[in-house]
Amino acid sequence: MCGIVGVAAQRNILPILIEGLKRLEYRGYDSAGVALLQNIDNGNEPTKLAIQKAVGKVVGLVDKTIENPISGLTGISHTRWATHGKPTELNAHPHRSGPIALVHNGIIENHSALRDALKKKGYEFLSETDSEVMVHTIADFCSQGHDLKSAVQEALATFKGAYAIGVVSENEPHRVIGARQGSPLVMGIGIDENYIASDPLALRQVTDRFIYLQENELVEITPTSYHIYDSNGEEIQRDVVQLTEVQENLDKGEHRHYMIKEIFEQPSVIQNTLHGRISEDRILEESFGAEARDIFDKVEQIKIIACGTSFHAATVAKYWFEEWAGITCTVEIASEYRYRKVTTAPNTLFVTISQSGETADTLAALSKAKKLNYLASLAVCNVPNSSLVRESDIAFMTHAGTEIGVASTKAFTTQLVALQLLVIAIGRRYEITEEREAKLVKQLHSLPRLCEQLLALNNDILEMSHAFTEKHHTLFLGRGVHYPIALEGALKLKEISYIHAEAYPAGELKHGPLALIDSDMPVVAVAPNNELLEKLKSNLEEVQARGGKLFVFADKDAGFKDDGQTTVLNIPHCEESISPIIYTLPLQLLSYHVAVNKGTDVDQPRNLAKSVTVE
């Protein structure tokens, strides 16, 4: 995710802009830049825009500002992760049009049409980015007599897509304009200076007071004032939030363990995964990288390689690819793939999934794939600049934030969100219609809220967990796309509680696992209200007939009832497309509470490491 910092002050702001960018480096980026308004205190000279950019790390930008010193009281800065155009200085932000400079996070869907219209008006484009379209559009409205704020407001009405922007102009040297739609932007309040940024972390060295801008809002800051406007141009008031302490990922806060903290972060990190990747009714496929559109146009099959939890996410994606998009998808464990003879179908996209981006088997599989006839490689990863991201043709960052607990939680659910976006992006070329895409995107918008509702069941799951504390084995069951969710539930339980747990498709019970069922074998079932529900109920009756103890995570309308043999946790109803993500959370909570009851080391279970960097 790109980073934005903007400042209007009464002192030289270059150090603030640079420090802000450094604090955003964790997001990942491939270039950086800064724009300052110079000479704004010298009445004998006009205000001038000074822009410096560098490909690579922020330190490269710092070196440039040392070699060619610049200063100013007003300015904007940016770190970029390439979407439109490769990482070059011309494609780096800020972009300029005459007296105006702009930085932008997000993707403008209708940039091609706007670019053509601007070229006809005589505007010259120096970059391959959609962002340059925005700055020329704003400049065009300024040339028609608008001041900077109204020009930005007029321009925003012409853009379709997602954005957070910061804009400055030589003609209004003490002013920064910011706006957001689909990408985060906050305003910071200082003493005789004010700020904007894509993340409060970028400004924690200068302020602890923030206003979180909402969708379709615009903010205008000067050193001594700020004004916020809604989409109709009406001024509005927003509450100021004071952060009393630095919100660091390494701080467990009020939670006993990192794992439970990370489970409860899932509504917000899923929102982070979606930010700037979806509009109201469409996914923005450019978020997969500058070359993604051309690659996706050629895709005929999918091969996904992963390990552990990431393999379960890949298996869910296989169901989605084949059911929704009608495209063949094969999934394989990396450690198996790397050691066998492989045949490759033409125009197959090779997808790797890894939380750390340093998983040895997955990296080895990617290395092998590069020697074969794959169309291209795509990494789904949580760590920018990791080996997997660097070595893949294109990458999608999940933005789950640092995950400390060895047993993956938020990394898994954000992988599922990322993979669903990938399925839609490729599937729109096959069987996913615009109407179907709009419905899927609407359901993704509802996902963070539904996750919050699910997490409110924490105490009920804690009560359920006591039935597992003295058990030595557990069986997990699921059908269809929820079979890999059952696999993930079993993995979580065995990882942190050391209870032996296995998962099966429920239809496989009579083919062997039914022999294990007795009163001492808890059976956990995932039971959404879908077309396989009646089949699942029939399978579970076989467990009851053998005296098995059932724990059913069921849609509230699925018709399950508590009795002496069955304990039911009613799950809020959700659409089938997002149900694998929703049903993951109670299984995570169950495993966590069982492990706490047993007194195991929840965050660092024995024999396991967070990143498996050796074979």
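Is it the case that some residue within segment 450-458 is touching a Phe, Trp or Tyr at 6+ places or on another chain (Cβ under 7 Å), within 30 Å of Glu109 (Cβ to Cβ) and surrounded by fewer than 24 Cβ atoms within 10 Å (Cβ to Cβ)?
Within segment 450-458 (the criterion being touching a Phe, Trp or Tyr at 6+ places or on another chain (Cβ under 7 Å), within 30 Å of Glu109 (Cβ to Cβ) and surrounded by fewer than 24 Cβ atoms within 10 Å (Cβ to Cβ)), the answer is no, since none of the residues qualifies.
Select, from Ser446, Ser465, the only residue that is touching a residue at least 40 places away in the same chain (Cβ under 8 Å), at negative phi, surrounded by fewer than 24 Cβ atoms within 10 Å (Cβ to Cβ) and not assigned by TED's automatic domain parsing to the domain that holds Glu542.
Ser446
Which members of segment 181-205 meet the condition of being assigned to a loop (DSSP other than H, G, I, E, B) and in contact (Cβ under 8 Å) with a residue 60 or more places away in the chain?
Of all residues in segment 181-205, those assigned to a loop (DSSP other than H, G, I, E, B) come to 183-185, 190-193, 198-199, 204-205.
Passing the criteria: Ser183, Pro184, Leu185, Gly190, Asp192, Glu193, Ser198, Asp199, Arg204, Gln205.
Let's see how each residue does on (1) surrounded by 23 or more Cβ atoms within 10 Å (Cβ to Cβ); (2) within 31 Å of the chain's Cα centre (by Cα); (3) assigned to a loop (DSSP other than H, G, I, E, B):
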{"site": "Gly547", "(1), (2), (3)": "no, no, yes"}
{"site": "Phe553", "(1), (2), (3)": "yes, yes, no"}
{"site": "Ala558", "(1), (2), (3)": "no, no, yes"}
{"site": "Lys561", "(1), (2), (3)": "no, no, yes"}
{"site": "His573", "(1), (2), (3)": "no, yes, yes"}
{"site": "Pro580", "(1), (2), (3)": "yes, yes, no"}
{"site": "Tyr583", "(1), (2), (3)": "yes, yes, no"}
{"site": "Leu589", "(1), (2), (3)": "yes, yes, no"}
{"site": "Ala595", "(1), (2), (3)": "yes, yes, no"}
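Quick test of your reading of the structure: Ala290 fulfils all but one of (1) touching a residue at least 24 places away in the same chain (Cβ under 8 Å); (2) touching a helix residue (DSSP H, G or I) at 6+ places or on another chain (Cβ under 6 Å); (3) not acidic (Asp, Glu). Name the failing condition by number.
(2)
Looking only at segment 53-98, filter to residues that are among the charged types (D, E, K, R) and within 16 Å of Ile165 (Cα to Cα); which one of those is farthest from the chain's Cα centre (by Cα)?
Ranking the candidates gives Arg96 first.
Taking the conditions exactly as written (part of a helix (DSSP H, G or I), out of contact with any helix residue (DSSP H, G or I) (no Cβ under 8 Å at 6 or more places or on another chain) and either of a type outside the set (A, V, I, L, M) or crowded, with 24+ Cβ neighbours inside 10 Å (or both)), does Lys535 satisfy them or not?
Working: part of a helix (DSSP H, G or I): yes; out of contact with any helix residue (DSSP H, G or I) (no Cβ under 8 Å at 6 or more places or on another chain): no; either of a type outside the set (A, V, I, L, M) or crowded, with 24+ Cβ neighbours inside 10 Å (or both): yes.
Here the answer is no, as Lys535 does not meet what is asked.
Any residue that is more than 20 Å from Glu286 (Cα to Cα), of a type in the set (A, V, I, L, M, F, W, C) and buried (at least 20 other Cβ atoms within 10 Å of the Cβ) - is there at least one of those in segment 77-99?
So far as segment 77-99 goes, no, none of its residues is more than 20 Å from Glu286 (Cα to Cα), of a type in the set (A, V, I, L, M, F, W, C) and buried (at least 20 other Cβ atoms within 10 Å of the Cβ).
Answer with yes or no whether Gly548 is at pLDDT below 95, more than 19 Å from Ala456 (Cβ to Cβ) and out of contact with any Lys or Arg (no Cβ under 9 Å at 6 or more places or on another chain).
The answer is yes for Gly548.
Among the residues that make up segment 340-362, is at least one of them modelled with pLDDT of 90 or more, buried (at least 20 other Cβ atoms within 10 Å of the Cβ), more than 25 Å from the chain's Cα centre (by Cα) and in the same structural domain as Leu274 (by TED's automatic domain parsing)?
No.
Every residue, every condition in (1) within 27 Å of His84 (Cβ to Cβ); (2) at pLDDT below 95; (3) part of a helix (DSSP H, G or I), yes or no:
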| site | (1), (2), (3) |
| --- | --- |
| Glu280 | yes, yes, no |
| Ser287 | yes, yes, yes |
| Phe311 | no, no, yes |
| Phe321 | yes, no, yes |
| Leu366 | yes, no, yes |
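Of the residues in segment 468-485, how many are aliphatic (A, V, I, L, M) and either over 16 Å from Met521 (Cα atoms) or not assigned by TED's automatic domain parsing to the domain that holds Gln544 (or both)?
2
Write out, first by first residue and then by second, each pair whose Cβ atoms fall under 6 Å of each other, whose residues are 6+ apart or on separate chains, and whose first residue, in segment 89-106, is farther than 11 Å from Ala32 by Cα and in contact (Cβ under 8 Å) with a residue 60 or more places away in the chain while the second is outside any strand (DSSP E or B) and among the charged types (D, E, K, R).
Between residues of segment 89-106 that are farther than 11 Å from Ala32 by Cα and in contact (Cβ under 8 Å) with a residue 60 or more places away in the chain and residues that are outside any strand (DSSP E or B) and among the charged types (D, E, K, R), the close pairs are Pro99/Glu170.
Tell me which of these Asp563 doesn't satisfy, since it passes every other one: (1) in contact with a His (Cβ under 8 Å, 6 or more places away or on another chain); (2) among the acidic types (Asp, Glu); (3) without any contact (Cβ under 8 Å) to a residue 12 or more places away in the chain.
Among (1) in contact with a His (Cβ under 8 Å, 6 or more places away or on another chain); (2) among the acidic types (Asp, Glu); (3) without any contact (Cβ under 8 Å) to a residue 12 or more places away in the chain, the lone unmet condition for Asp563 is (1).
For Gln214, are the conditions met, namely being under 19 Å from Arg23 (Cα atoms), modelled with pLDDT under 95 and either assigned by TED's automatic domain parsing to the domain that holds Ala407 or not acidic (Asp, Glu) (or both)?
no
Only one of Glu124, Glu154 is more than 22 Å from Ser231 (Cα to Cα) and either touching a helix residue (DSSP H, G or I) at 6+ places or on another chain (Cβ under 9 Å) or not in a strand (DSSP E or B) (or both); which?
Just a single option satisfies the conditions, and that option is Glu124.
Please state which one of Ala467, Ala490, Ala503 is out of contact with any helix residue (DSSP H, G or I) (no Cβ under 7 Å at 6 or more places or on another chain) and more than 18 Å from Asp603 (Cα to Cα).
Numbers: Ala490 fails: more than 18 Å from Asp603 (Cα to Cα); Ala503 fails: out of contact with any helix residue (DSSP H, G or I) (no Cβ under 7 Å at 6 or more places or on another chain).
On inspection, the qualifying residue turns out to be Ala467.
Within segment 190-228, how many residues are crowded, with 23+ Cβ neighbours inside 10 Å and hydroxyl-bearing (Ser, Thr, Tyr)?
2
Based on what the data block shows, is Ile517 under 27 Å from the mean Cα position of the chain (by Cα) and either modelled with pLDDT under 95 or surrounded by 22 or more Cβ atoms within 10 Å (Cβ to Cβ) (or both)?
Numbers: under 27 Å from the mean Cα position of the chain (by Cα): no; either modelled with pLDDT under 95 or surrounded by 22 or more Cβ atoms within 10 Å (Cβ to Cβ) (or both): yes.
When the stated conditions are applied, Ile517 does not pass them.
Here's the yes/no breakdown for (1) in a strand (DSSP E or B); (2) among the β-branched types (Val, Ile, Thr); (3) over 26 Å from the mean Cα position of the chain (by Cα):
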{"position": "Val135", "(1), (2), (3)": "no, yes, yes"}
{"position": "Ile138", "(1), (2), (3)": "no, yes, yes"}
{"position": "Ile165", "(1), (2), (3)": "yes, yes, no"}
{"position": "Val168", "(1), (2), (3)": "yes, yes, yes"}
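Go through Asp208, Asp199 for me and flag whichever is farther than 30 Å from Lys442 by Cα, assigned by TED's automatic domain parsing to the domain that holds Ala35 and at pLDDT below 95. Please lay out each step first, then the result.
On the way: Asp199 fails: farther than 30 Å from Lys442 by Cα.
Sole residue among the options that is farther than 30 Å from Lys442 by Cα, assigned by TED's automatic domain parsing to the domain that holds Ala35 and at pLDDT below 95: Asp208.
The values are calculated or read from the model by the stated rules, or taken from the named source; none is laboratory data. Everything numeric here is computed off the predicted structure, so don't read it as measured data. Note: ideal-geometry Cβ built from the backbone for every residue, glycine included; neighbour counts use all protein chains shown.
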